[in-house]
1. Quick check: Cα centre of the range 135-159 to Cα centre of the range 12-66, how many Å?
2. Show me the ranking of peptides 71-80, 43-52 by mean Cβ neighbours inside 10 Å, starting with the highest.
3. Which ³J(HN,Hα) values, rounded to whole Hz and listed in residue order, are derived for the range 124-130 from phi using the Karplus coefficients 6.51, -1.76 and 1.60 in 6.51 cos²θ - 1.76 cosθ + 1.60 with θ = phi - 60°, glycine and proline given as x?
4. Report, by chain and number, residues whose modeled amide H sits under 5 Å from the one on F100, excluding near sequence neighbours (fewer than 5 apart, same chain).
5. List the lysines whose alpha-carbon lies under 21 Å from that of K178, not counting same-chain residues fewer than 8 positions away?
6. Which ³J(HN,Hα) values, rounded to whole Hz and listed in residue order, are derived for the range 99-113 from phi using the Karplus coefficients 6.51, -1.76 and 1.60 in 6.51 cos²θ - 1.76 cosθ + 1.60 with θ = phi - 60°, glycine and proline given as x?
7. Taking K and R as +1 and D and E as -1, what net charge do the other residues with C-beta under 12 Å from the C-beta of K217 add up to?
8. Would you mind getting me the FRET efficiency between F169 and M1? Use the beta-carbon distance for r and R0 = 30 Å, nearest 0.05.
Amino acid sequence: MKVVICDNYEKMSEYAARIVASCVTLKPNCVLGLATGSTPIGTYNELVRLYQNEELDFSSVKTFNLDEYFPIEPTNSQSYRYFMNKNLFDRINIPIENTFVPNGATSEARAECENYEEKIKEYGGIDLQILGIGQNGHIGFNEPGDELIAATHLTELDESTINANSRFFKSREDVPDKALTMGMATILRARRIIVLANGKEKRNAVRALTDDRISAKIPATMLKLHKDVTLICDKEAYGDRD
Ligand code: F6R
């Protein structure tokens, strides 16, 4: 795994955005895997800037998001569809029909997950996957456990994830306790992966990502099985090391 330690969140976001931009420039019809949460917001802002100032062209790009709460309407301001429209899609020239987020309002969760997997294959697979990392080491909503699920699936959220994400909701009770998420194999099939982490709350997860253990109890450690992963973090997340 390549590790890039940046001075701060801003530098981390610029670095990540440059990687995404070069992917889009080299392959204008590339397929991007996207994350939500607070970590990639700076990267999305920088991509918007590159679109506005340097005419980075998203008109042929396709995107697949990692996950969505369940159940939730796409129009709900806490949904990941809403988040993506607001933070990225509505601010660049990507046709909205090229953007895919699991449908959290479906009454057929299993079919939705199977279709999502199929759709990714149909578009040729993910060229570049952007990941954040949970404090507990989750990626997407693949939560720590004795075993992990390979394909896109409906999952229960960990108590610690509900607590961490309650900052975005009116109260903890409003946080959905389930989500639709790409599975570990879905993520690992991406041709290239970048993992973003900032702040001291992510230090334990980043440490686990950079030692040589692999465990389903820290799902992000599975990324060590992939041949092209770059961790891009700030100094706070990396911590002091000898
Ligand atoms: C979001 C996602 C999650 C987040 C993780 C970190 O689509 O898949 O795995 O990346 O929970 O969230 P933040 O960035 O809010 O700390």
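Every read-out reported here was derived from the displayed coordinates using simple, explicitly stated rules and does not represent laboratory data. What you are looking at is a predicted structure, and each value in this text was computed from that prediction instead of being measured. Positions of Cβ are backbone-derived with ideal geometry, glycine not excepted, and every protein chain shown enters the neighbour counts.
1. Each part's Cα centre sits 25 Å from the other's.
2. Ranking, from highest mean packing down: 43-52, 71-80.
3. Computed from phi, the couplings for the range 124-130 are x, x, 8, 7, 9, 9, 9 Hz.
4. Sorted by chain and number, the residues that satisfy this are T63, F64, N65.
5. Within the straight-line limit of under 21 Å, K178 reaches these lysines: K170, K217.
6. 10, 10, 9, x, 7, x, 9, 5, 9, 10, 4, 4, 5, 4, 5
7. Result for the neighbourhood of K217: -3.
8. 0.35
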